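The values are calculated or read from the model by the stated rules, or taken from the named source; none is laboratory data. Small disclaimer: the values here were computed from a predicted structure and weren't measured. Positions of Cβ are generated from backbone atoms using ideal geometry, with glycine treated the same way; all protein chains shown enter the neighbour counts. Areas reflect the complete protein model, heavy atoms only, side chains present, ligands, DNA and RNA absent. Shrake-Rupley method; radii C 1.70, N 1.55, O 1.52, S 1.80 Å.
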Amino acid sequence: MAQTETTVDLPKSVPHLLATATAMTGLDDFGDESFLEGLGNVVKGFNDEAQLSPLGEQLAFGGLLNILVNRLRYVRDIAAHPEILDEDIPGPIVVLGLPRTGTTKLQRILSAGNQTQAMLYWRMLNPAPFPEEQLGRPDGRIHVAEDAVAMLAEHFPGFMARHPTEAQQPDEEVLLMQGSFQCEVTWMFARMPSFYQYCMDVDPVYRYRYLRSQMQYLQWQDGGAQGRPWVLKSPCHTGVLDSLLKVFPNAVLVHCHREVTEVIPSMSGLMEHMRLIHSDHVDPKVTGPELLAYFGEGMDRYLAFRKTLPADYITDFSFNDVLHRAPEVVAQIYQRTGLPFTEDSRAAIAAFEAERPRHQFGSYTYCAEDYGVTDAEITARFAEYSQKFATYINR
């Protein structure tokens, strides 16, 4: 969904995308070219399967072009400043769980204040500084993100109601991970079964190594870690937690829980509206079964891997904990991380909750049957999960 800085003829093939990015930047070194396989799979999916609308084509292929432009600038900056790759990434706080379980709010209140490093939307849209950008003055990148958010609010209010997006608020780092061209969130935004299968078949470690490199880049631009851990969050991490820990072995892990018959229909509604950004041909009754399979298989892997971890390795919270006891939740996580929970911390959380109430961009409803699944099917698929975490789900 990223916007580029200039208007160009829409490139819809890998060679055209690479040539256009080179022409836009005057750069031609893309670094390690292993990304090309994934890029080819995305391009094929966009062209052959996603049924993109005219606006969807602009957003989809424009987004790929924007990623490549940022990649070229990143590679250039690494060559000029190899110390970027020396940036240490202290153990990040990683918020896990099924979607629609309070993970977005938790990420944002953990990022409030100045004790952590936040995955701000504008930074993920364009991690590389624009040409002529002065250090510490990323106004151009912020304005591009504000324009993108305004476009979403105008044309896709259903998406904004379900996933409030702001230029200067945190969002999921999968927006960065899409630059690996191996991240399934791209499939969530545009239905491409072949690309989904590709993402499921490749080693997830690559996308986390890519994410870490981008975190080093952003951290270097911001003057280093300065004792501040990053706050990461995505339901996509839950099913591949073993891969995440290979790259971030010191991560502090937090898991949010909610009744699954609320989770899958709510996420199905969100994915319907994610796909409507790119296509006028979205069947809501497809989203439920697809998400039931994706998150069900991911939860199976998570439960199996969690059994290998010490009992207190992951800290668990309920959806209601996050909604109604936010300061206590953050204080407990900060204690695990070694950060002090101060009055400033409490004030930052209170300010966030006052300025951004639940359903700030509109309310919505959902029903499992509208998305091709039933409560009984959902309950059966997540029976082991619901039994294991009943204490938190029913709190």
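When only alpha carbons are used to place a centre, the range 196-236 and the range 263-310 end up 21 Å from one another.
Dimensions of the range 61-211 from C-alpha coordinates, computed as largest minus smallest value along each principal axis and given longest first, are 40, 35, 33 Å. Annotation: amide H-H contacts under 5 Å for S318 (H modelled 1.01 Å from N, sequence separation of 5 or more, or interchain): H257. Simple point charges give the picture: +1 on the Cβ of Lys and Arg, -1 on the Cβ of Asp and Glu, and for the range 121-179 a dipole about the Cα centre of about 80 debye.
Heavy atoms of the protein chains alone define the surface here; on that basis the range 1-80 has 45 Å² accessible area per residue at 1.4 Å probe size. Each principal axis of the Cα cloud of the chain was taken in turn, and the coordinate range along them, longest first, works out to 57, 47, 40 Å.
Residues within the reach of a label modelled at K285 (point 7 angstrom out along Cα to beta-carbon, backbone nitrogen below 16 Å), restricted to the range 178-203: there are none. Working note: Cα gyration tensor of the range 165-223, eigenvalues times five, square-rooted, sorted largest first, giving semi-axes of 24, 16, 6 Å.
In the chain, helical runs assigned H by DSSP with n ≥ 4 each contribute -39500 (n - 2.57); averaged across all residues and rounded to the nearest 500, the mean residue ellipticity at 222 nm is -17000 deg cm²/dmol.
Using θ = phi - 60° in the Karplus curve 6.51 cos²θ - 1.76 cosθ + 1.60, the 3J(HN,Hα) couplings for the range 375-388 round to 4, 5, 5, 5, 4, 5, 5, 10, 4, 4, 4, 5, 5, 5 Hz; x is entered for Gly and Pro. If R0 equals 30 Å, the separation of the Cβ atoms of E133 and A350 corresponds to a calculated FRET efficiency of about 0.35.
Its Cα gyration tensor gives the range 89-135 an equivalent ellipsoid. The semi-axes, each the square root of 5 times an eigenvalue, are 26, 13, 10 Å from largest down.
Approximating the spin labels as points 7 Å out from Cα along Cα→Cβ, the A390-to-L309 distance works out to 2.3 nm.
Under 13 Å from the 7 Å Cα→Cβ point of Q51, by amide nitrogen: which residues of the range 157-200? The answer is 190-193. For the chain, the number of Lys pairs separated by eight or more positions or lying on different chains, with C-alpha atoms closer than 30 Å, is 17. Placing +1 on the Cβ of every Lys and Arg and -1 on the Cβ of every Asp and Glu, with nothing else charged, gives the chain a dipole about its Cα centre of roughly 840 debye.
Remark: spin-label model distance S13-H324 equals 6.0 nm, labels positioned 7 Å along the Cα→Cβ axis. Stretching the chain fully between D32 and E154 yields a gain of 40.1 nm (0.36 nm per residue, less the alpha carbon separation). Under 5 Å between amide hydrogens, built in the peptide plane, is the criterion, and for Q117 it picks out W230, V231 among residues at least 5 positions away or on other chains. Computing FRET efficiency as 1/(1 + (r/R0)^6) for H81 and D300, where r is the C-beta to C-beta distance and R0 is 41 Å, gives about 0.45.
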